[in-house]
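Read through the structure below, which is laid out as structure tokens, and then see the notes.
What follows is calculated from the coordinates using simple rules that are stated; it is not laboratory data. Keep in mind the model is a prediction, meaning the values are calculated, not measured. Using ideal geometry, Cβ is built from the backbone for each residue, glycine included, and neighbour counts are taken over all protein chains shown.
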Amino acid sequence: MNKPVSIDIEELSEPLTFPVEAYLSRDYADAEGDRLWARVWQHAGRVEEIPQVGDFITYNVGADSIVIVRTTPETIKAYHNVCSHRGRQLVDTPAGQHSACGTRKQFVCGFHGWRYDLEGKCTFKLDEMDWKGALTDERTRLPGVRVDTWGGWIFINMDPACVPLREYLEPAASILDPFSFEQMRYKWRQWVIFDCNWKAAIEAFMEPYHVEGTHSQLLAYGQYYAYSKAHRLHGVSGFDERDPALKMKQSSTITRAGKGKDPRVSTYELQNEIYTTVNNASTTETLVNAAKRLVDELPEGTPAPEVIKHWLAAAKADDAARGVIWPTISPEQMAEAGLAWSIFPNMSILQGVTFALCYRARPYGDDTSKCIFESYAIERYPAGQEPKTQWVYSEPNAEKWGKVLTQDFSNMAAVQRGMKSRGFRGTLPNPHQERKVTNFHRVLSAYMGTGTPKRLR
Ligand code: FES
Ligand SMILES: [Fe+2]
């Protein structure tokens, strides 16, 4: 039986380094199946994907496949996707898709026709008498997988001895609860296969340290010096003008919404830039439209804090008028929640009051240099106006993903190639701005039983 991995909050302010084995080694990837993926809670879908009894989705990670099905209006169950007879995968992944979805009254194996009800019980075995009574319900039922939900996400865990989901997610769950993500719905969801290890893909979204080098067009709106914090298994980054480390930066003004010569204009420009270049995500149409009206609604010279206050109040009222009610989140809660979370091992959430932009990366089959990468936006909608979405395979270009994500994508395969270089001496994550990356490797090494990141000096 696996012991749960216990990780405390750590400062991680020392310069640390770790080797590339985790990205490249075949043995490491094999061990990852047993030591990591078979033991962690991982987000496998959203509750909204299976609203009716009998609705199911599959979730594939490395060699494993899980079927997740709604068995009653209140209950979701998960099973290993394998027939008990001779091991045929019970639910096939359709060609060109990364998962299956649909509605079934029962699951029928395509090989010899054994049948399973939604509770996982094998209800039909052809010529059962040939086994002379040896086929018990227990021996033939679909093997169960732990399943639970938080924030509208369905999480699974293949380890029967795992800690409860809530305990695993803390303190992230409590810090993020005020955003009530369970009230948000998919806006769009896309996936692609990258030529890099899943870690290289998800790490590209763990820090804004790359903005200057990768998204230089965003520098027109200020600089992106960010804090990065470990929270047990998870981590958060964000911008904080009180960050003492900022003083060491030469241009020490963080320009976010509301800054610049005319905060009415710059607030709109930044919102519009984000909306159009991050694939209509990371903000909302309501917020962009309310920002656009600022020049009409406020006199020239209105101080930035007032511009921001007016903008948010206007957007909140606009949303309320169409039936989208903002949750109450105190300024302290907003500050603590920061900007972007990494939920160990492979989930990223960039949250706002009415939206979130999320990423997930996972191994693609058994290739250490390939991963399935997904991004999706969720948003609050008036009841009944949620868009119908499905997973769409999208080539990694700006037309499909927007300029910003395409810029991120351009680093993926190049990082994987670079890590194979004989000249690379191991990763040097920024001790202030990339602690989420370091923490990720600290937690990963605890699961994998390998050496933790080492001090650089
Ligand atoms: S393998 Fe499924 S019925 Fe034979
Ligand atoms: Fe980026």
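Using only Cα positions of the chain, each an equal point scatterer, no hydration layer, compute I(q)/I(0) via Debye at q = 0.09, 0.13, 0.14 Å⁻¹ and quote the log10 values to two decimals.
Values, matching the q order: -0.63, -1.26, -1.43.
Over the chain, what is the relative contact order in whole percent, taking alpha-carbon pairs under 8 Å and six or more residues apart?
Computed over the chain, the figure is 24 percent.
Ranking 196, 122, 162 by Cβ neighbours within 10 Å, fewest first, what do you get?
Least to most surrounded, the residues fall as 162, 122, 196.
Could you pull out every Cys in the chain that lacks a partner Cys with its beta carbon under 4.7 Å away?
101, 122, 162, 196, 358, 371
For residue 295 and residue 34, calculate 0.36 nm times their separation in residues minus their Cα-Cα distance, and state this gained length in nm to one decimal.
Working it through step by step, the gained length comes to 88.2 nm.
Restricting to Cα pairs below 8 Å that are 6+ residues apart, what does the relative contact order work out to for the range 138-240? Please round to a whole percent.
That works out to 19 percent.
Per DSSP H run of n ≥ 4, the term is -39500 (n - 2.57); total these for the chain, divide by its residue number, and report the mean residue ellipticity at 222 nm rounded to 500 deg cm²/dmol.
Roughly -7000 deg cm²/dmol at 222 nm, from the helical runs in the chain.
For the range 38-62 and the range 412-446, write down the distance between their C-alpha centroids in whole Å.
The distance from the Cα centre of the range 38-62 to that of the range 412-446 comes to 29 Å.
How do 180, 228 rank when sorted from fewest to most other Cβ atoms within 10 Å of their own Cβ?
The most exposed by this proxy come first: 180, 228.
What is the packing order of peptides 276-284, 211-219, taking the mean over residues of other C-beta atoms within 10 Å and listing the highest first?
Taking the mean over residues of other Cβ atoms within 10 Å, the ranking is 276-284, 211-219.
In what sequence, highest mean first, do 138-145, 388-395, 442-449, 352-359 appear when ranked by Cβ atoms within 10 angstrom?
By packing density, highest mean first, the sequence is 352-359, 442-449, 138-145, 388-395.
Using the Cα centre of the chain as the reference point, and only Cβ charges (+1 on K/R, -1 on D/E), how large is the resulting charge dipole? Debye, rounded to the nearest 20.
So the dipole magnitude of the chain works out to roughly 680 debye.
For the range 15-30, list residues with backbone N below 17 Å from a point placed 7 Å from the Cα of residue 450 toward its Cβ?
16-30
Using a Cα-Cα cut-off of under 20 Å, which lysines could be cross-linked to residue 132, ignoring same-chain neighbours fewer than 8 residues away?
List returned: 121.
Which value in nm describes the separation of the simple spin-label points at residue 216 and residue 63, placed 7 Å from the Cα toward the beta carbon?
Result for the modelled spin labels: 4.6 nm.
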